[in-house]
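Got a structure for you, questions after.
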Amino acid sequence: ETFVGGLSHQGRQGIFAMAVNQAMPGRKTLTGRKSWFFSDSRILCLGSDITCDEAGYPTQTTLCQKCLPRNDKGELTPTPVDGADLTGLPGDQALDEAKPHWFLDVQQTGYFVPAGQRLSVARKHQMSREYANARDTEGDFLTAWIDHGKAPAGAGYEYLLSVGATPEVMRELAAKPPYRVMQRDQAAHIVWDVPGRRWECALFAPQELTAHTVGADALPVKAVDRACLIMAEAVRDGQLALSVADPDLNLDKGVNQPRPLHVTLRGSWRLQQATATVCAWSLPQGGESIRIVSASATDTVLEIVCEHGASYGLKLVRQ
């Protein structure tokens with residue numbers, strides 16, 4: 001089982017998701033669901049259903065592993081953690097699981113980790129092998145990870161990256177996270193983006209979706225008949241902007257085979273505009289691959305003939 005791929009939404013947002021089924025040494029297996037939600041300079045990282053039958057070593061999610069630079073005086077760059085500088089080497093902090101935390105790496109990427117997770121931040125001298133495994137290397141490194149323990153069953157994680165962050169930015173994010181995780185399980189990772197008023201969905205299987213709501217805003221997607229990625233902006237003035245992708249290239253002898261995906265929306269909708277893009281390039285006649293199969297007062301069924309891992313952008317009007 002492998003599900004991996006991405007979706008772009010209006011050039012500034014996107015989703016990447018993966019279903020993990022990885023063989024481990026000793027005939028052990030690591031499985032789980034992972035997703036990344038991109039919004040401007042932020043990346044929300046989610047994991048669920050992390051299961052591993054390796055009982056001799058802990059299963060961990062690595063947040064970062066960065067070489068520590070030195071300034072003109074030969075001093076190592078400090079690591080801001082919850083507003084205080086971690087400067088020691090070696091230095092290792094297992095942070096309080098009952099509290100949320102934030103820190104900055106050497107490239108000014110900020111990490112916000114909500115409470116309820118076993119987060120450690122360490123600064124140590126590291127001995128390792130270079131990328132081609134041809135020689136030994138060593139250096140001073142900042143490393144951070146979430147510990148899921150030995151032989152976890154159904155473990156998960158949640159953390160937010162902020163690119164080019166400052167301590168002030170991280171304090172604001174920790175005080176008022178700009179997202180809400182609505183669902184995080186084996187079937188789906190569903191997020192509400194607060195500033196964008198946008199639903200973001202990594203759907204790992206065919207399913208009927210829970211009717212999530214945030215205030216007056218309701219998730220407009222009711223069902224899908226295959227795994228897919230969907231972004232849906234909150235309905236404004238009877239209009240809905242939707243982005244959909246099937247990340248499975250469905251290869252036959254190395255050649256992509258188009259395959260229909262059916263998305264059921266809540267309510268009655270009329271398709272106004274449709275486009276398709278692969279990376280930054282428009283897919284010729286891609287919009288012609290989208291049609292409304294049926295529409296009633298309660299449901300509208302869309303058919304999208306997906307190919308090349310394209311992202312399909314739809315604008316719909318309520319009928």
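The values are calculated or read from the model by the stated rules, or taken from the named source; none is laboratory data. Keep in mind it's a predicted model, so treat the numbers as computed, not measured. FYI the Cβ positions are ideal-geometry reconstructions off the backbone, even for glycines, and counts take in every protein chain you see. In case anyone asks, the SASA skips ligands and DNA or RNA and just uses the protein heavy atoms, side chains included. Shrake-Rupley method; radii C 1.70, N 1.55, O 1.52, S 1.80 Å.
Which of the residues that make up region 194-219 are open to solvent by less than 80 Å² (accessible area, probe 1.4 Å) and among the hydrophobic types (A, V, I, L, M, F, W, C)?
Answer for region 194-219, where residues must be open to solvent by less than 80 Å² (accessible area, probe 1.4 Å) and among the hydrophobic types (A, V, I, L, M, F, W, C): Val194, Trp199, Cys201, Ala202, Leu203, Phe204, Ala205, Leu209, Ala211, Val214, Ala218, Leu219.
Take Leu261 and decide whether it is in a loop (DSSP other than H, G, I, E, B) and closer than 24 Å to Ala205 by Cα. Break it down into steps so the answer makes sense when it comes.
On the way: in a loop (DSSP other than H, G, I, E, B): no; closer than 24 Å to Ala205 by Cα: yes.
Taking the combined requirement at face value, the residue does not satisfy it.
Please specify each residue of region 138-165 satisfying the condition of being over 22 Å from the mean Cα position of the chain (by Cα) and either under 23 Å from Thr109 (Cα atoms) or open to solvent by 40 Å² or more (accessible area, probe 1.4 Å) (or both). Quick ask: steps written out before the conclusion?
Going residue by residue through region 138-165, those that are over 22 Å from the mean Cα position of the chain (by Cα) are 138-142, 149-151.
If the condition is that a residue be over 22 Å from the mean Cα position of the chain (by Cα) and either under 23 Å from Thr109 (Cα atoms) or open to solvent by 40 Å² or more (accessible area, probe 1.4 Å) (or both), then Glu138, Gly139, Asp140, Phe141, Leu142, Lys150, Ala151 are the ones that fit.
When the residues of region 167-193 are narrowed to those that are without any contact (Cβ under 8 Å) to a residue 60 or more places away in the chain and among the β-branched types (Val, Ile, Thr), which ends up surrounded by the most Cβ atoms within 10 Å (Cβ to Cβ)?
Quick first cut of region 167-193, residues without any contact (Cβ under 8 Å) to a residue 60 or more places away in the chain only: 168-169, 172, 175-176, 180, 182-183, 187-188, 190, 192.
Then keep just the ones that are among the β-branched types (Val, Ile, Thr); that gives 169, 190.
Values: Val169: 17, Ile190: 25.
The qualifying residue surrounded by the most Cβ atoms within 10 Å (Cβ to Cβ) is Ile190.
Now, a different point. Give region 269-282 a look and list any residue that's surrounded by 16 or more Cβ atoms within 10 Å (Cβ to Cβ) and not polar (S, T, N, Q), or say none.
Quick first cut of region 269-282, residues surrounded by 16 or more Cβ atoms within 10 Å (Cβ to Cβ) only: 269, 271, 274-277.
Residues satisfying the conditions are Trp269, Leu271, Ala274, Ala276.
Can you find, within region 283-319, the residue that is surrounded by the fewest Cβ atoms within 10 Å (Cβ to Cβ) among those that are of a type in the set (Asp, Glu) and outside any strand (DSSP E or B)?
As a first pass, look at region 283-319 and keep what is of a type in the set (Asp, Glu): 288, 299, 303, 307.
From the residues that got through so far, the ones that are outside any strand (DSSP E or B) too are 288, 307.
On the way: Glu288: 11, Glu307: 18.
So the residue we want is Glu288.
Among the numbered criteria (1) farther than 19 Å from Arg42 by Cβ; (2) modelled with pLDDT of 95 or more; (3) open to solvent by 10 Å² or more (accessible area, probe 1.4 Å), which single criterion is violated by Arg236?
Against the list (1) farther than 19 Å from Arg42 by Cβ; (2) modelled with pLDDT of 95 or more; (3) open to solvent by 10 Å² or more (accessible area, probe 1.4 Å), Arg236 comes up short only on (2).
Still on this structure, I have one more. From Leu68, Leu63, which residue is closer than 22 Å to His125 by Cβ, touching a Leu at 6+ places or on another chain (Cβ under 6 Å) and in contact (Cβ under 8 Å) with a residue 60 or more places away in the chain?
On the way: Leu63 fails: touching a Leu at 6+ places or on another chain (Cβ under 6 Å).
Answer to the selection: Leu68.
Out of Phe103, Phe38, Phe112, which single residue is open to solvent by 20 Å² or more (accessible area, probe 1.4 Å), assigned to a strand (DSSP E or B), at pLDDT 90 or above and touching a strand residue (DSSP E or B) at 6+ places or on another chain (Cβ under 7 Å)?
Details: Phe103 fails: open to solvent by 20 Å² or more (accessible area, probe 1.4 Å); Phe112 fails: open to solvent by 20 Å² or more (accessible area, probe 1.4 Å).
Phe38 is the lone residue from the list that is open to solvent by 20 Å² or more (accessible area, probe 1.4 Å), assigned to a strand (DSSP E or B), at pLDDT 90 or above and touching a strand residue (DSSP E or B) at 6+ places or on another chain (Cβ under 7 Å).
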